[in-house]
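Trainee: Please read through the structure below; I'll follow up with questions.
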Amino acid sequence: QVQLEESGGGLVQAGESLRLSCAASGRTFGINVMGWYRQAPGKTRELVAIVSRGGSTNYADSVKGRFTIAMDSAKNAVYLEMNSLEPEDTAVYYCNAERRGLEFWGQGTQVTVSS
């Protein structure tokens, strides 16, 4: 099993920045991809950004140019730098890890952006 613990959420104003962190523990050997998803009230969970151990990244169109994802393979951690935040970015952000075909999720961290 893989355990994921997120940190860094909070309340900010539009235009400000936040950095989310996620640390994996447990059976971390073999984690190939880590990423961030988010779920706003009344909406389905959606991809924000993912990064592979090789460094390939993929972003949702809505965050391209504003968010940056990075993985620290040595620490089994993934980070999401969020700039120019908008009220539409308000959601619970979930860390995700893929290991040998299985997916693992964190408990989520709330990000609230006020206008």
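The values are calculated or read from the model by the stated rules, or taken from the named source; none is laboratory data. Every value quoted in this text rests on a predicted model; they were computed, and no experiment measured them. Because the Cβ atoms are built from the backbone with ideal geometry, glycine has one as well, and the counts that use them run over all protein chains shown. Quick note on the areas: whole protein, heavy atoms, side chains included, nothing else; ligands and nucleic acids left out. Shrake-Rupley method; radii C 1.70, N 1.55, O 1.52, S 1.80 Å.
Trainee: Determine which single condition G55 fails, assuming it passes every other condition in (1) farther than 19 Å from F104 by Cα; (2) surrounded by 14 or more Cβ atoms within 10 Å (Cβ to Cβ).
Mentor: Only one criterion in (1) farther than 19 Å from F104 by Cα; (2) surrounded by 14 or more Cβ atoms within 10 Å (Cβ to Cβ) is unmet by G55, namely (2).
Trainee: Quick check on my filter: what residues within the range 41-65 are touching a residue at least 12 places away in the same chain (Cβ under 8 Å) and either among the β-branched types (V, I, T) or touching a helix residue (DSSP H, G or I) at 6+ places or on another chain (Cβ under 8 Å) (or both)?
Mentor: Selection gives V48, I50, V51, R53, T57, S62, V63.
Trainee: Counting just the residues of the range 38-55 that are closer than 16 Å to Y79 by Cβ and either at pLDDT 95 or above or among the aromatic types (F, W, Y) (or both), which one comes out farthest from the chain's Cα centre (by Cα)? Please lay out each step first, then the result.
Mentor: Start the filter on the range 38-55 by keeping residues that are closer than 16 Å to Y79 by Cβ, which leaves 38, 48-53, 55.
Checking the rest, the ones that are also either at pLDDT 95 or above or among the aromatic types (F, W, Y) (or both) come to 38, 48-52.
Numbers: R38: 8, V48: 7, A49: 7, I50: 8, V51: 10, S52: 13 Å.
This residue is S52.
Trainee: Among the strands (runs of 3 or more DSSP E) contained in the range 59-115, which hold 3 or more residues that are open to solvent by less than 30 Å² (accessible area, probe 1.4 Å) and closer than 19 Å to V33 by Cα?
Mentor: Of the strands (runs of 3 or more DSSP E) lying wholly inside the range 59-115, those with at least 3 residues that are open to solvent by less than 30 Å² (accessible area, probe 1.4 Å) and closer than 19 Å to V33 by Cα span 77-82, 91-99.
Trainee: Tell me whether the range 7-18 contains one or more residues that are buried (at least 18 other Cβ atoms within 10 Å of the Cβ), hydrophobic (A, V, I, L, M, F, W, C) and at pLDDT 95 or above.
Mentor: Checking the range 7-18: at least one residue is buried (at least 18 other Cβ atoms within 10 Å of the Cβ), hydrophobic (A, V, I, L, M, F, W, C) and at pLDDT 95 or above.
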